[in-house]
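Written below as structure tokens is the structure these notes are about.
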Amino acid sequence: MIKLIGILVVALGFAFRFNTLLVVMAGGIVTGLIAGLSFNDIMTKFGEAFTTNRYMTIPIVLTIPVIGLLERYGLKERAEALIRKTKGVSAGKVMLWYLFIREWSSALGLNIGGHPQTVRPIVAPMAEGAAVAKYGLIPEHLSNDIKAHSAAMENVGFFFGEDIFIATGAILLMKGFFDSSGLHVGVWDMALWGLPTAIAVYLLSWHRLRRLDKRIEREMTKKQAPQPETNPDLTASGGMTL
């Protein structure tokens, strides 16, 4: 049981919001030391894992410069301007549509999203632009809420959508685990049972985004409400307002 102390290290690191990479590395080092490995052996394992999986980093390394160039030449501003021209759109509706596209494209095995590729340059600016078009400039905490919900829709859509696709890594991992445990479960069965979960998550996300829209509306309506005029003479003497 004590060999799982790395999980506790990772949980505490995330709870105190330390650097994610350092937290994960610390968890691995602590787990290795508890398991009896020397520090050099642990570093060797890190190196072997990086060398084995280095091809997985190529798409990210190639994508980031492209996204940076697109942002440099106004991708975020164009996305925000585009959504401002659309009437009747709220921040929640923009994110709900993205969740729908992300979830079902993942279910078909198409990876068309991602935090650096779509959330940061397109989805979050469009959702924020919808709120700005409806209420004017919004406070920073509402802007941060919209960005956080946009990132959450990416995670939710991809995580639960890919479980419906039989050739995804998650399904194959579960298939291998069940086979090694003597349980013979078909990939089609696992994908089929992932469908109700994906639908339920979509409905829950719709409820959360609806609550976010209502909160934005409530705060912005309160902020834009006319303030009672103050009579300077009465205020100086008794603090009364008209």
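The values are calculated or read from the model by the stated rules, or taken from the named source; none is laboratory data. Here the structure is a predicted model, which is why all the values come from computation and not from measurement. In this analysis, Cβ positions are derived from the backbone assuming ideal geometry, glycine residues included, and neighbour counts consider all displayed protein chains. Heavy atoms of the whole protein, side chains included, go into the accessibility calculation; ligands, DNA and RNA do not. Shrake-Rupley method; radii C 1.70, N 1.55, O 1.52, S 1.80 Å.
Values for this structure:
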{"item": "All positions within region 125-170 that are among the hydroxyl-bearing types (Ser, Thr, Tyr) and within 19 Å of Leu75 (Cα to Cα)", "result": "Ser143, Ser150"}
{"item": "From Ala49, Ala107, Ala131, Ala127, residue being out of contact with any Gly (no Cβ under 7 Å at 6 or more places or on another chain) and touching a residue at least 60 places away in the same chain (Cβ under 8 Å)", "result": "Ala131"}
{"item": "Region 85-97, residues that are more than 19 Å from the chain's Cα centre (by Cα) and surrounded by 15 or more Cβ atoms within 10 Å (Cβ to Cβ)", "result": "Val89"}
{"item": "Residue satisfying condition, being of a type outside the set (A, V, I, L, M) and in contact with a Lys or Arg (Cβ under 7 Å, 6 or more places away or on another chain), within set Pro196, Pro139, Pro116, Pro125", "result": "Pro125"}
{"item": "Close pairs (8 angstrom Cβ cut-off, 6 or more residues apart or separate chains): under 14 Å from Asp163 (Cβ atoms) in region 181-196, open to solvent by 70 Å² or more (accessible area, probe 1.4 Å) and assigned to a helix (DSSP H, G or I) anywhere", "result": "Val185/Met174; Val187/Leu172; Met190/Met174"}
{"item": "Positions within region 171-191 being touching a Gly at 6+ places or on another chain (Cβ under 9 Å) and open to solvent by 30 Å² or more (accessible area, probe 1.4 Å), in sequence order", "result": "Lys175"}
{"item": "Residue in region 103-117 that is nearest to Arg218 (Cα to Cα), counting only those that are polar (S, T, N, Q) and open to solvent by 20 Å² or more (accessible area, probe 1.4 Å)", "result": "Gln117"}
{"item": "Filter pass, Lys45 being among the charged types (D, E, K, R), more than 30 Å from Ala167 (Cα to Cα) and open to solvent by 50 Å² or more (accessible area, probe 1.4 Å)", "result": "no"}
{"item": "Unique residue being under 19 Å from the mean Cα position of the chain (by Cα), modelled with pLDDT of 85 or more and open to solvent by 50 Å² or more (accessible area, probe 1.4 Å) when the list is Phe39, Phe100", "result": "Phe100"}
{"item": "Test result for Phe165, assigned to a helix (DSSP H, G or I) and surrounded by fewer than 20 Cβ atoms within 10 Å (Cβ to Cβ)", "result": "no"}
{"item": "Candidates Gly157, Gly129, filtered to the one that is over 30 Å from Lys223 (Cβ atoms), part of a helix (DSSP H, G or I) and not polar (S, T, N, Q)", "result": "Gly157"}
{"item": "Residue match in region 140-151 (condition: buried (at least 19 other Cβ atoms within 10 Å of the Cβ) and either more than 14 Å from Asp213 (Cβ to Cβ) or of a type in the set (Ser, Thr, Tyr) (or both))", "result": "yes"}
{"item": "Residue pairs meeting the criteria (Cβ under 8 Å; at least 6 apart or on separate chains; first touching a residue at least 24 places away in the same chain (Cβ under 8 Å) and over 18 Å from Leu204 (Cα atoms), in region 154-169; second among the charged types (D, E, K, R) and open to solvent by 30 Å² or more (accessible area, probe 1.4 Å))", "result": "Thr168/Glu162"}
{"item": "Matching residues in region 1-36 - criterion: being in contact (Cβ under 8 Å) with a residue 24 or more places away in the chain and open to solvent by 80 Å² or more (accessible area, probe 1.4 Å)", "result": "Ile2, Lys3, Leu4"}
